[in-house]
Amino acid sequence: MLGRCAWARRFLLGFAFATAAGLVSAQDQTTYLTPERDPDSAYLAAVDGRGVSTDVRYVDETDRDLLENNVEAAREPGRPVNFDGDGLGTFLVVLVVAGLLFLFLKFGAGGALLRADPNATKKPRKRARAWGLTAAEKSAADILAQIRAMASRRDALILLLRHCLLQAADETETNFKRSDTEREALSRLPQKWRFYTQLQGLMFQTELVHYGGREIADDAYETALQNGARILMEAR
């Protein structure tokens with residue numbers, strides 16, 4: 001099935017390009033020579049200001065039959081194209097061919113031509129990064145053991161909060177900016193995430209200690225560690 005779809009796609013693309021190329025090549029191919037004119041010509045002085053066209057051109061090369069076609073109707077290369085006559089018809093034909101090709105690729109054969117190959121190997125998603133850390137770079141047990149061994153509760157809470165934010169970003173496929181603060185990172189996460197409330201509480205406790213300069217009680221510190229452990233271990 002996939003082989004036939006690929007063959008059909010190549011055929012249709014080739015047909016569209018060939019049709020467009022044929023239409024373009026069928027257009028008039030004429031180049032002109034523009035002679036020099038005397039600015040003091042009596043003729044130019046006579047028609048000046050009367051709205052009379054004074055362009056004089058000589059045909060250099062052309063594929064037109066000059067006995068049957070009006071040379072004055074030929075367009076000079078470089079001038080804006082007016083979609084009238086053959087030009088408009090050519091444009092409409094190309095537009096219709098492109099539209100039919102798109103519709104067939106999208107809906108033909110059940111839309112299989114534009115579907116992603118279900119057997120294709122998916123690229124692994126990059127782990128969330130911020131603050132010099134990477135989500136899941138260590139096991140949850142190792143991270144928690146490192147945090148509990150830290151002498152400064154302030155530094156321990158900051159490190160725990162950052163690991164939890166990265167874990168949430170990794171699970172919800174949220175991207176953080178390099179310049180994001182912890183609070184800005186939290187605001188990017190979906191509030192429907194199942195551990196959002198615990199993460200928000202951990203943020204509050206960390207800010208009180210870090211920015212408020214407060215000491216955290218033993219029970220509050222233990223609660224923060226337990227919430228962090230739940231986020232890191234159950235989310236994985």
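Can you tell me which residue is least open to solvent (accessible area, probe 1.4 Å) among those in the stretch 178-209 that are without any contact (Cβ under 8 Å) to a residue 12 or more places away in the chain and outside any helix (DSSP H, G or I)?
Filtering first and then ranking leaves THR181.
Among (1) under 16 Å from ALA140 (Cβ atoms); (2) in contact with a helix residue (DSSP H, G or I) (Cβ under 7 Å, 6 or more places away or on another chain), where does GLN226 come up short?
That leaves (2) as the condition not met.
Condition first: charged (D, E, K, R) and within 13 Å of TYR221 (Cβ to Cβ). Now tell me which residues in the stretch 151-179 satisfy that.
Selection gives ARG153, ARG154, ASP155.
Given the condition closer than 18 Å to ALA135 by Cβ, part of a helix (DSSP H, G or I) and open to solvent by 30 Å² or more (accessible area, probe 1.4 Å), answer yes or no: does some residue in the stretch 210-218 qualify?
No, because not a single residue in the stretch 210-218 is closer than 18 Å to ALA135 by Cβ, part of a helix (DSSP H, G or I) and open to solvent by 30 Å² or more (accessible area, probe 1.4 Å).
Taking the condition of a type outside the set (A, V, I, L, M, F, W, C), under 30 Å from the mean Cα position of the chain (by Cα), closer than 17 Å to ALA135 by Cα and surrounded by fewer than 11 Cβ atoms within 10 Å (Cβ to Cβ), does GLU173 pass?
When the stated conditions are applied, GLU173 passes them.
Would you check which residues across the stretch 135-177 are of a type in the set (Val, Ile, Thr) and part of a loop (DSSP other than H, G, I, E, B) and list them?
THR174
The values are calculated or read from the model by the stated rules, or taken from the named source; none is laboratory data. Given the structure is predicted, the values throughout are model-derived calculations rather than measurements. All Cβ positions, even for glycine, are placed from backbone atoms using ideal geometry, and neighbour counts span all protein chains on display. The protein model used for the area step is the full one, side chains on, heavy atoms only, and it has no ligands, DNA or RNA in it. Shrake-Rupley method; radii C 1.70, N 1.55, O 1.52, S 1.80 Å.
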